[in-house]
Each structure stands twice: as structure tokens, then as C-alpha cells.
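Supplied in C-alpha cells, the structure appears directly below.
The values are calculated or read from the model by the stated rules, or taken from the named source; none is laboratory data. The model shown is predicted, which means the values in this text are computed figures rather than measured ones. Glycine also receives a Cβ, built like all others from the backbone with ideal geometry; neighbour counts cover every protein chain displayed. What goes into the accessible areas is simple: the full protein's heavy atoms, side chains included, and nothing from ligands, DNA or RNA. Shrake-Rupley method; radii C 1.70, N 1.55, O 1.52, S 1.80 Å.
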Amino acid sequence: RAMLTWHNLSEREKTTERAEAYLEEHPDDLSRRMGILLQLAHEETRDPEKLRHHSLELIKRLPGCFEVASANYSEFFRNPEYRDEIVDTLRSSLGKEFDDADIHRNLGFILGPSALPVSDPPSFRKWHELPDDTPLPGELNEEQLDRAIGHYEQSLRISPDRNVAEWLAELLSDAGRLEAAVPAFEQAAQLEPVDSAAGLLVDYGECLAKL
């Protein structure tokens with residue numbers, strides 16, 4: 001609902017300058033907070049310092065907001081130290097008055113991709129608008145993978161969710177942990193259906209073919 005409010009704004013109101021001016025007077029407006037992250041993450045309007053500032057401000061108010069993880073996806077590959085800062089800040093929000101399931105989901109979503117080796121670096125950099133010299137993972141980071149898996153599993157224990165279950169299954173499959181991936185796909189298929197049901201079956205089939 002908050003993002004719908006952002007999308008309904010005029011293009012003039014969605015500029016970084018106007019959004020920041022509004023947030024000076026209304027710092028708790030989640031729609032503007034979420035929307036400005038998307039604005040600051042795009043290559044044409046990218047501003048890493050402002051992205052960091054508004055990400056941390058959003059975490060103060062709603063650490064389980066998915067935009068914290070999704071809008072920063074490319075930036076975390078550009079700046080692993082920034083990723084670590086966001087991870088530490090999210091972890092410090094656990095056990096407070098927020099939704100821990102969503103925080104664990106965000107942590108899994110942030111840690112998982114950077115734990116996996118990138119098979120085609122040029123295509124990956126192009127798709128995510130990264131500079132040609134951006135370092136990318138060349139091998140599996142088992143420790144970080146285990147952390148991501150643990151956060152996804154904790155999120156599911158608190159509040160079963162089809163998307164989280166599917167992301168966990170895909171992560172396990174991509175990491176080559178196929179015996180764990182198969183029951184994870186089966187668990188995801190039993191949860192409330194979402195639009196990605198067809199994609200889930202394809203991923204499940206690919207996982208079985210690797211066995």
C-alpha cells in the first residue's frame with residue numbers, strides 16, 4: 001500500500017530533491033522512504049551516500065521492509081562493507097518491537113546472493129548496472145551461505161511464507177545442496193500459492209535433474 005502511494009505521486013514529487021524536502025517535515029512517511037530508495041538505487045539517479053542514509057532511516061522505522069534488501073541489491077555488490085553495515089543494523093533490530101520474520105527474510109535475501117559464485121560476470125554486471133571492474137564472488141562462501149540459510153529458516157519458523165520458502169529452496173539448489181533443496185521446494189509448494197507457481201515447478205524440476 002505504501003509503494004502504491006509513491007507510484008501515484010507526480011514525477012516532479014518523486015524527484016530526490018522533492019522527496020527529501022518532504023521527509024524533512026514528515027520523517028516517518030514510509031511511502032517516501034521506500035520510494036526514494038528505488039530512486040537512489042537506479043544508475044541514472046544513483047547516490048550511494050543518500051542511499052545509505054535513507055536505508056538506515058528506514059531500518060530505524062521498519063527494518064522488515066523488503067525495499068531495504070531489494071533496492072540495495074546492486075549496491076551491496078559494489079560495496080561489501082556497506083552490505084555488512086546493513087546486515088549488522090538489521091541484526092540489532094531483532095527481538096525488539098518489529099516483525100522478526102521479515103527481518104530474517106531480509107537478512108537471508110541480502111546474504112544469499114553474495115555467497116554464491118557468479119558464473120558469468122560480464123552479463124551479471126551488465127544486468128545489475130555494475131562497473132566492469134566490480135569484484136564478484138568466484139567461489140562458494142560456505143560460512144555466508146549458512147548464515148543466509150539460517151535466516152531464511154528462522155523466518156519460516158516464525159511465519160511460513162511461500163516466497164521465502166522458494167528463495168530458500170533456490171539458494172540451496174544453486175549452492176549444490178540438492179538433498180536439502182528438494183524438501184525445501186516441496187515445502188514451498190505446500191504454502192499459499194503465489195504468482196510464481198509455474199516458476200517454482202521449473203526450478204524444482206531443474207533441481208531434481210541435478211540429483
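If a residue must be in a helix (DSSP H, G or I) and buried (at least 16 other Cβ atoms within 10 Å of the Cβ), how many such residues does region 125-146 contain?
Going through region 125-146 one residue at a time, the tally reaches 3.
OK, next. Restricting attention to region 168-189, which residues are within 18 Å of the chain's Cα centre (by Cα) and open to solvent by 70 Å² or more (accessible area, probe 1.4 Å)?
Within region 168-189, just 174 meets the criteria.
Another question about this same structure. Which ones in region 90-112 are modelled with pLDDT of 95 or more and surrounded by fewer than 16 Cβ atoms within 10 Å (Cβ to Cβ)?
91, 92, 94
In addition: Could we say that residue 16 is open to solvent by 40 Å² or more (accessible area, probe 1.4 Å) and of a type in the set (Val, Ile, Thr) here?
Judged against the criteria, residue 16 is not a match.
If the Cβ limit is 7 Å and pairs must be 6+ apart or interchain, which residue in region 125-150 that is of a type in the set (A, V, I, L, M) pairs with which residue that is open to solvent by 40 Å² or more (accessible area, probe 1.4 Å) and outside any helix (DSSP H, G or I)?
140/117
Does residue 51 satisfy the criteria of being in contact with a Leu (Cβ under 9 Å, 6 or more places away or on another chain), at pLDDT 90 or above and open to solvent by less than 60 Å² (accessible area, probe 1.4 Å)?
Yes, satisfied.
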